Each structure stands twice: as C-alpha cells, then as structure tokens.
Amino acid sequence: MERRGTRLALGVFTTLVVIFLWTPIVIICVYAFNKSNVQSWPIAGFSTRWFSPAIHDPAMQAALELSLKAAAIATTIALVLGLTAGLALNKLRFFGKEAVSFLFVLPIALPGIITGMALNSFFVFWKVNFGLWTIVIGHATFCVVVVYNNVLARLRRVPGSLTEASMDLGAGPVRTWWLVTLPTISTALISGALLAFALSFDEVIVTTFTAGAQNTLPLWIFGNIRLGQTLPETNVVVLIVLAATILPVVLAQRLTRESGILRTE
C-alpha cells in the first residue's frame, strides 16, 4: 500500500513539474496565432497574419543565417575534436589521464556567464574582432563535450575483441577503424552532432559576450522580448525555433536509445 502511494505521489509530482515547464512554452505557441498585437489572455482570436512579416523580416533573416553558420561550424569542430579526444583517452594510458578528461568536461559544467566573461577578456586582450569566429569558438567549448561524452561512452561499451579479431584477420589499423570502429560509434557521432548543433543554435549567455554588435537568432529574440518590440512576430519566430530545435533532440534521443547508450543493463 505504501509503495503504491509513493508511486502515485511521484507520478503527481512529475506531472506537475512537466506542466510547470511546458505551460509557458504552450502559451507562447498560442500567442503566435494571436489575431491582435496585444498579448492578453484569452487571445482575441486565431490568425496567421504575423507569420509572413516574421519570416520576411531582414533582421531576423540575418540573425538566423548567423546562427546556422555558427552552429554548423561549431558542430564540425566539436566532431573533430570530440572524436579524436575520445579515441585518445579511451586507448591511451598515461599519468594525469583523469585530469585531462575532467578538463574536457569542465566547460559544460561551468556557468555560461563565467565562460562568456573569460572568452570576452581573452578576445579583448588579444584585440580579436568580435564576429562569427568568436561566436564559433565560444560555442565549440561546450559542443566538444557533448560529442566527447557520446564517443567515449560508446567506445567503453564496445568489446576490444572486435578490433583484435579484425587485426587477426589481416586488416590494418586504418581498415579496422573504417570497417569496425567507425560503424560501431557512428550513431554516437550523429547523436552528439545533433545535440551539439541544437545547443549551439539556442545558446544565449556565452554568445552575449562573444558576438559583439552582431545578433544571433536567440539574441534577436531576447532583445525583442526585453524591449517589447514586435512581440507577435517574435512569438512566431519562437514557435519556429522551438519546432526546429525539438527535431534534432528527438532524433538524437532515438539514436542513442537504439544504440543502447541510454538503456540500462
């Protein structure tokens, strides 16, 4: 009886938490279809009149282009560095290995404002002009962690006998990597890349310190909401970004589930 009551209480608590988290998001999505430009509840009526102005806004388009470029480049860098670091730390044995692994994970554990301030000070000290590449460097610091964790977790669950069998059958290191290692970690790489892209695309705090005068899409949304400008159009963009962000996260989750990373043994 007690166990049943505990399960019921946990279920109710979980439901309340989900409602608390999702209610603001649902309200913003509903406001995107608000007929009026005044945000009041209940809304005056449903309409798609704000979709065309939002999509054709030049400032929004420029911010979206910058966000996509930064996310794509940061994800590429994260794939290269995260893969090589994961392979190295999985195979090599050396003094200070755990410390090196900790340094790789640290950027995503630190508060974003600390990372942003540190990068801003670094760029100012070396007189680096703020722009696309400063944003990319800032995003890559935490995107690498996502790919690295995925790759390392997969490699630790792959039996070493697979590589040994490939070598015994005459395959060299490169052929073994291409035919054995890469296929076994491919879904981990894809899910890590999808999560890294989503993190980079949605990033606000670090970007605030590394973007300079430019606006990524999250900064454009934040600025419009803070100043109360064109709120109906901003709600439409938020709805579109929400839909675009959920897709890679869902795909990454499905890939990791199918590959067994999230499955408990």
Report summary line: From highest to lowest solvent-accessible area (probe 1.4 Å; ligands, DNA and RNA excluded), 148, 31 read 31, 148
Report summary line: Looking only at lysines whose Cα falls under 29 Å of residue 127's and that sit 8 or more positions away or on another chain, we get 69
Requested in this report: Working with all protein chains in place, sort 50, 133 by solvent-accessible area computed with a 1.4 Å probe, largest first.
Outcome: 133, 50
**Report entry** Inter-probe distance in nm under a simple model that places probes 7 Å from Cα toward Cβ, at residue 13 and residue 171
**Finding:** 4.8
**Report entry** Folded to 0 to 90 degrees: helix 112-125 orientation relative to the chain principal axis, Cα
**Finding:** 80
**Report entry** Value of [θ]222 nm, deg cm²/dmol, for the chain, DSSP H segments ≥ 4, -39500 (n - 2.57) each, nearest 500
**Finding:** -25500 deg cm²/dmol
Query raised in the report: What residues of region 48-70 lie in the reach of a label at residue 37, counting those whose backbone N is under 19 Å from a point 7 Å from the Cα along Cα→Cβ?
Result: 48-61
Report summary line: Measuring from the longest principal axis of the C-alpha atoms of the chain, the long axis of helix 132-157 (C-alpha) lies at a number of degrees, nearest 10, equal to 50
Report summary line: Answer check: the chain, Cα atoms, Kirkwood Rh, Rg/Rh ratio of 1.06
Query - Distance between modelled label sites at residue 179 and residue 44, nm, 7 Å Cα→Cβ extension - result: 6.9
Report task. Could you tell me the accessible area of residue 106 in Å² (1.4 Å probe, neighbours in place), rounded to the nearest ten? Result -> 50
Query raised in the report: Expressed as a whole number of Å, what is the distance separating the alpha-carbon centroids of region 124-163 and region 223-253?
Result: 25
**Report entry** In degrees, nearest ten, helix 2-31 long axis to first principal axis of the chain (Cα)
**Finding:** 60
Report summary line: Taking placed amide H atoms and a strict 5 Å upper bound, the residues 5 or more places from residue 34 or on another chain that come that close are 47
Query raised in the report: For residue 22 and residue 55, FRET efficiency with R0 = 30 Å and r from the beta-carbon atoms, rounded to 0.05?
Result: 0.75
Query raised in the report: Which percent of the accessible heavy-atom area of the chain goes to carbon and sulfur, probe 1.4 angstrom?
Result: 70
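The values are calculated or read from the model by the stated rules, or taken from the named source; none is laboratory data. The shown structure was predicted, so the numbers you read here are calculated from the model rather than taken from an experiment. Ideal geometry is used to build each Cβ from the backbone, glycine not excepted, and the neighbour counts take in all protein chains shown. SASA here: full protein model, heavy atoms, side chains in, ligands and nucleic acids out. Shrake-Rupley method; radii C 1.70, N 1.55, O 1.52, S 1.80 Å.
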